[in-house]
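Okay, structure first, notes after.
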Amino acid sequence: MIDLSKIDDETLLARGAYSTIRAAHEDAKKELSILCGELSSTATKVLRQMQPGEDEIPTSVEVLIASGRATMDLIEACAKRIESLAAQKQGVRQQAWGRK
């Protein structure tokens, strides 16, 4: 068992901040994974729609392309958030864990 009374308040606060930032960072990476899957799915749907049966004419993929663009925007925002959280986590790490 850890005696928390032996750890100064500043260190405990920094470790709590680190843990909170780390959790948000992990959540953002999961979100990015989901968004990348959605983008991949959109590409598959476009390909499928452009390759109809023998005598069929392909239908417009305009809606799919718009969806893909919107997903790319979300991916870009999520990637920036991940970068920011990683930098923030690194900044708190030294305060929280000292020499580690």
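Any read-out appearing in this document is the output of simple, stated calculations on the displayed coordinates, not a laboratory observation. Model, not experiment: these values are computed from the prediction. Reconstructed Cβ throughout: ideal geometry from the backbone, glycine too, with neighbour counts over all protein chains shown.
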Worksheet item: What is the local net charge at ALA87, summed over the other residues whose Cβ is closer than 12 Å to its Cβ (Lys, Arg +1; Asp, Glu -1)?
Response: +3
Worksheet entry | Proximal lysine pairs, the chain, alpha carbons under 22 Å, eight or more residues apart or interchain | 7
Worksheet item: Relative contact order (percent) for the chain, with alpha-carbon contacts under 8 angstrom and 6 or more residues of separation?
Response: 48
Worksheet, complete the sentence: Taking the dipole of the chain about the Cα centre (Lys, Arg +1; Asp, Glu -1; charges at Cβ), the one of ILE65, VAL92, LEU32 that reaches farthest to the positive side is VAL92
Worksheet item: So what's the angle, to the nearest 10 degrees on a 0 to 90 scale, between helix 9-49 and the longest Cα principal axis of the chain?
Response: 10
Worksheet item: In the neighborhood of ALA28, defined by Cβ-to-Cβ distances under 12 Å, what is the net charge if each Lys or Arg adds +1 and each Asp or Glu adds -1?
Response: +2
Worksheet entry | Order of LYS89, LYS29 under a 10 Å beta carbon neighbour criterion, fewest first | LYS29, LYS89
Discussion item. Is there a quick way to get the dipole size of the chain? I mean about its Cα centre, with the Cβ of Lys and Arg at +1 and of Asp and Glu at -1; what is the value in debye to the nearest 20?
Written reply: 660
Item to complete: Compute the Cα gyration tensor for the chain, then decide on rounded, prolate or oblate, letting a ≥ b ≥ c be the square roots of its eigenvalues: rounded whenever a/c is under 1.5, prolate when a/b is larger than b/c in the other cases, and oblate in all that remain.
Response: prolate
Response to the item:
Between the Cα axis of helix 62-97 and the main Cα principal axis of the chain, the angle (0 to 90°, nearest 10) is 10
